[in-house]
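Here's the structure, in structure tokens; my notes come after.
The values are calculated or read from the model by the stated rules, or taken from the named source; none is laboratory data. Just so it is clear, the structure is predicted and the values come from calculations on it, not from any experiment. Counting neighbours? That spans all protein chains shown, and the Cβs are built from the backbone with ideal geometry, glycine included. Heads up: the accessible areas ignore ligands, DNA and RNA and are worked out on the full protein's heavy atoms, side chains in. Shrake-Rupley method; radii C 1.70, N 1.55, O 1.52, S 1.80 Å.
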Amino acid sequence: MINPTKIANYPFLLRVIIFLLILATIWLPIAAPIYLLVKDSNLATILTMGLLFAEFLLLVPRWGKQVYGQTQLLKSYGLVNTRQNGFELLIGLAIGLSITFTLFLVQGLFGFVSWQNSDNLPRIIAEGLLSALGVGFAEELVFRGWLLDELQRDYNAQISVRANSLVFALSHFIKPVEAMLRSWPQFPGLLLLGLILVLAKRNCQNRLGLSIGLHAGLVWGYYIINIGELVRYSGSVPDWVTGINGNPLAGAIGLLFLSVLAVGMRQMSQRSKGS
């Protein structure tokens with residue numbers, strides 16, 4: 001039987017595998033019946049993924065206490081209940097939403113898309129906000145919280161940032177081979193987004209509020225435009241310009257906007273170091 005305190009001395013990859021195996025052992029016996037009994041595949045996915053994240057939240061404090069001797073591991077990840085963290089979340093939300101709509105407004109000015117009216121827009125905005133906050137909170141706690149913390153225990157800052165961005169991109173890119181080949185331009189965008197979100201956390205003294213808000217704002221803006229069917233592509237330029245399958249991350253314009261955001265985050269980081 002493995003002594004939990006010895007796990008802290010294991011290499012990064014082995015620690016991560018052990019953590020994920022524990023999580024899967026708890027999750028699978030409950031998730032499998034849900035997939036079998038719930039006929040609606042979307043509902044089954046929502047229920048099982050929600051269950052997985054809930055179990056993650058329960059496992060992390062126990063992992064911190066028994067493996068690392070830390071009683072406040074979630075706080076060390078940057079999940080702190082402070083006014084400043086909440087303010088940074090709102091700032092990130094505003095930035096992410098603004099960037100997404102500005103991207104499509106620019107495309108509209110160049111004639112790449114045309115704007116459409118949409119029914120039930122208030123409902124879509126509200127649903128999108130809830131979904132985006134859920135996605136932003138869960139993914140940032142996992143990637144910029146747990147995973148980044150595990151990386152930093154073994155590697156220097158530069159390697160940790162690069163590895164974190166790579167794992168984030170790969171986790172969102174893994175799909176059937178045919179779909180991966182069709183959407184390969186999305187991968188550089190995911191890498192760049194992962195880097196931006198790490199920088200967002202570091203610019204806020206390792207608080208997660210800004211990165212959660214930024215992630216959620218980008219998801220929220222795209223949800224409103226995509227689900228609300230607010231734009232129609234004109235087809236006047238190739239898909240690689242506007243985004244493969246309508247995904248801005250898989251297009252040159254989306255990469256350009258992310259690059260501008262990355263430069264802004266880098267400059268903010270340099271200013272905070274100099275002050």
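Structure above, values below:
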quantity: Centre separation in Å (Cα based) which lies between region 118-169 and region 200-275; calculated: 13
quantity: Rg [Å, one decimal], Dmax [Å, integer] - the chain, C-alpha atoms; calculated: 19.8, 64
quantity: More than 19 angstrom apart: percent of Cα pairs within region 7-159; calculated: 68
quantity: At q = 0.12, 0.16 Å⁻¹, base-10 log of I(q)/I(0) for region 94-241 (Debye sum, equal scatterers on each alpha carbon); calculated: -0.58, -0.98
quantity: Residue order for Phe143, Phe104 - accessible surface, 1.4 angstrom probe, largest first; calculated: Phe143, Phe104
quantity: Where region 1-87 is the region considered: accessible area per residue in Å², 1.4 Å probe; calculated: 67
quantity: Difference of contour (0.36 nm per residue) and Cα-Cα distance, Ala8 to Thr71; calculated: 21.2 nm
quantity: Cα-based Kirkwood hydrodynamic radius, region 117-192, one decimal, Å; calculated: 14.6
quantity: With every protein chain in place, region 168-256: carbon and sulfur % of accessible area (1.4 Å); calculated: 65
quantity: Computed lengthening from Leu58 to Ile17, 0.36 nm per intervening residue step minus Cα-Cα distance; calculated: 13.0 nm
quantity: By accessible area with a 1.4 Å probe, ligands and nucleic acids excluded, highest first: order of Val177, Val263, Val113; calculated: Val177, Val263, Val113
quantity: Sorted peptide list for 19-30, 88-99, criterion being average Cβ within 10 angstrom, highest first; calculated: 88-99, 19-30
